[in-house]
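The values are calculated or read from the model by the stated rules, or taken from the named source; none is laboratory data. The model shown is predicted, which means the values in this text are computed figures rather than measured ones. Reconstructed Cβ throughout: ideal geometry from the backbone, glycine too, with neighbour counts over all protein chains shown.
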Amino acid sequence: MSDYLLLNTLQMTVSRESVQQLLSSEDFGNRLSGVNLLRQLEPSIAYELIQPIVTDGNARVRYAAVSQLDTLGDQDLSLTLTLLRDRLLNDSEPDVQAAAADALGALKMTEAFEEMKQLYHQSSEWLLQFSIVAALGELADPRAFPLLEEALSSETSLIQTAAISSLGELGDPRAVPLLVPFATDSDWQVRYRVAQALKPFDTSEARAALEALANDSVEQVAQEAKRNL
């Protein structure tokens, strides 16, 4: 059956069998469609079918599969940790590695902290570093503080911004004097993130920064600061 006929036939019904047929296709477009259709199956079935696909030969298919583990992974957390660690450390594509970091953060898998820390320092890929920094905020692991402090000095503004947010999520009061200087950053989006990040901190320094941000010339920043005072 041609790829076109296969896709159109399987669009008639979504079942374990029909999705498995797509996932077994030699055409990567069919396999990609199969990964997307997993969302329509019972999570336990989808999780079983997705496992071999995270090592698919096509990077787009692997990315789609790994990205779904943040919602399917709780079916078997131990196995999911193994799958995500493998893709984080061994995948040849940075965007797949980044998707693995995202999923590890979403599932709060602090067991992977050391690997993420190591990879942040080893990799020169900004997307992967960005995903690791963002994931560390979700992990809320106290061990992340030194790395997040380091990320504030990154030459990549998106990594800096992610570090600001993650320091807020971490909630370590040592973050306040690190965050306050960014409250006067020329980029309003950075100031907005600072207004968000200072919310957990009940200190005079944090409050003073929020009061200043409440008078920011950009309405979004001012409103966020007022909400967090």
TODO: Name, by its number, the condition in (1) of a type in the set (Ser, Thr, Tyr); (2) loosely packed, with under 13 Cβ neighbours inside 10 Å; (3) within 30 Å of GLN122 (Cβ to Cβ) that does not hold for SER165.
DONE: (2)
TODO: Find all pairs meeting these conditions: Cβ atoms under 8 angstrom apart; at least six residues apart or on different chains; first residue within the range 204-229 and more than 13 Å from PHE182 (Cβ to Cβ); second residue hydroxyl-bearing (Ser, Thr, Tyr) and surrounded by 15 or more Cβ atoms within 10 Å (Cβ to Cβ).
DONE: VAL218/TYR192; GLN220/TYR192; GLU224/TYR192
- [ ] Grab the helices (runs of 4 or more DSSP H) fully contained in the range 21-102, keeping just those with 3 or more residues being on the phi < 0 side of the Ramachandran plot and modelled with pLDDT under 95.
- [x] 28-37
Task: Of the criteria (1) assigned to a helix (DSSP H, G or I); (2) within 30 Å of GLU93 (Cα to Cα), which one SER153 fails - done: (1)
Open item on the list: Looking at (1) modelled with pLDDT of 95 or more; (2) within 16 Å of GLU115 (Cα to Cα), which one does GLU149 not meet, given that it meets all the others?
Closed with: (2)
Open item on the list: Can you tell me which condition VAL194 does not meet? The list is (1) in contact (Cβ under 8 Å) with a residue 12 or more places away in the chain; (2) surrounded by fewer than 22 Cβ atoms within 10 Å (Cβ to Cβ), and all the others hold.
Closed with: (2)
TODO: Kindly indicate which of ALA135, ALA197, ALA208 is touching a Phe, Trp or Tyr at 6+ places or on another chain (Cβ under 9 Å), modelled with pLDDT of 95 or more, among the small types (Gly, Ala, Ser) and on the phi < 0 side of the Ramachandran plot.
DONE: ALA197
Task: Selection from the range 158-201 of residues that are under 19 Å from ALA214 (Cα atoms) and either part of a loop (DSSP other than H, G, I, E, B) or touching a His at 6+ places or on another chain (Cβ under 7 Å) (or both) - done: ASP185, SER186, ASP187, LEU198, LYS199, PRO200, PHE201
Task: When residues of the range 70-116 are limited to those that are under 15 Å from the mean Cα position of the chain (by Cα) and polar (S, T, N, Q), the one nearest to ILE45 (Cα to Cα) - done: THR71
